[in-house]
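Report on one structure; see the data block that follows.
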Amino acid sequence: MKRLYILRHAKAAPGEPGQDDHARALTLKGVADAEAVARYLHKNGAAPDRVLVSTSARTVQTADLVLRELSLALRADYRDALYLAEAGKILAMIQGLPARTGTVMVIGHNPGLEELAAFLAREPVRRKERERRDVLEEKFPTCALAVLDFDIERWRDIQPGEGELVDFVRPKDL
């Protein structure tokens, strides 16, 4: 069994004319949302073995807040290639992870993360899963978290439509 946490960065300040998008930092609301999601993860026992993070300022700040709350002796794996990455590129990174890695968190950007979550989630089996899927398909806002479980031994075996969407949380839900 493998678990994948897909977390979109928290709310960032709008870009100024001529400002590098990569340097945009979190707003106060973004910090509060990231802290709320971090507390939710902690309360629900999240303990990723690996955290892949885009190198943008807003994703690094989001990751710092989450990892601090989880109190894990774990360093994030910052990857330039995650910055505004497409779903297929993110999936390839996940598939390249070692089999011994049981739980992975990816912190990045839309539309890639939203597309990845929808691509990997199976057709809902139960009503609660259908409700989560409907909300995910409606919108994947900043600091939204999708949690998918896969009945696989190795990350390279992850396939579209095979992940059970066990959770989908938005800051406004907390």
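The values are calculated or read from the model by the stated rules, or taken from the named source; none is laboratory data. Given the structure is predicted, the values throughout are model-derived calculations rather than measurements. Please note: Cβ atoms are built from the backbone with ideal geometry, for glycine as well, and neighbour counts cover all protein chains shown. These accessible areas exclude ligands, DNA and RNA; they are computed on the full protein's heavy atoms, side chains included. Shrake-Rupley method; radii C 1.70, N 1.55, O 1.52, S 1.80 Å.
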Inset, instruction - Quickly estimate the mean residue ellipticity at 222 nm for the chain, helices only: each DSSP H run with n ≥ 4 gives -39500 (n - 2.57), and the total goes over all residues, rounded to 500. - result: -10500 deg cm²/dmol
Inset, instruction - Once every Cα of the stretch 1-66 carries one equal point scatterer and solvent is ignored, give the base-10 log of I(q)/I(0) from the Debye formula at q = 0.13, 0.14 Å⁻¹, two decimals. - result: -0.39, -0.44
Inset, instruction - Return the long-range amide H neighbours of VAL53 (sequence gap of 5 or more, or a different chain), with a cut-off of under 5 Å between placed amide H atoms. - result: ASP77, TYR78, ARG79, ILE107
Inset, instruction - Could you check which residue among PRO98, PRO124, PRO141 shows the biggest mean-square fluctuation in a GNM of the chain with a 10 Å Cα cutoff? - result: PRO98
Legend entry - Choice from ASP157, ASP77, ASP20 with maximal GNM fluctuation in the chain (Cα, 10 Å cutoff): ASP20
Inset, instruction - Just list whichever of LYS43/LYS128; LYS43/LYS172; LYS29/LYS128; LYS89/LYS128 have alpha carbons separated by over 26 Å in the model shown. - result: LYS29/LYS128; LYS89/LYS128
Legend entry - Relative contact order, percent, the stretch 1-127 [alpha-carbon distance under 8 Å, six or more residues apart]: 34
Legend entry - Carbon plus sulfur fraction of accessible area for the chain, probe 1.4 Å, in percent: 48
Inset, instruction - Could you rank LEU136, LEU28 by how accessible they are, 1.4 Å probe, largest area first? - result: LEU28, LEU136
Legend entry - Average accessible area per residue (Å²) across the chain - probe 1.4 Å, nucleic acids and ligands excluded: 49
Legend entry - Share, in percent, of DSSP beta bridges within the chain that are antiparallel, nearest 5: 45
Inset, instruction - List, in order, the whole-Hz ³J(HN,Hα) value for each residue of the stretch 23-31 obtained from phi through the Karplus relation with A = 6.51, B = -1.76, C = 1.60 and θ = phi - 60°; use x for Gly and Pro. - result: 8, 4, 9, 5, 7, 4, 5, x, 4
Inset, instruction - Treating each Cα of the stretch 17-174 as an identical point scatterer and ignoring solvent, apply the Debye formula and state log10 I(q)/I(0) at q = 0.11, 0.19, 0.21 Å⁻¹. - result: -0.42, -1.36, -1.67
Inset, instruction - Of the options GLY45, ALA13, LEU28, report the single residue whose Cα projects farthest towards the positive end of the charge dipole of the stretch 1-133 (beta-carbon charges: Lys, Arg +1; Asp, Glu -1). - result: GLY45
Inset, instruction - Return the whole-Å distance between the Cα centroid of the stretch 90-162 and the Cα centroid of the stretch 10-42. - result: 22
Inset, instruction - Please report the Cα spread of the stretch 73-165 along all three principal axes, rounded to whole Å, starting with the longest. - result: 36, 30, 27
Legend entry - Amide H contacts of ILE152 (H built 1.01 Å from N, under 5 Å, at least 5 apart or other chain): LYS2
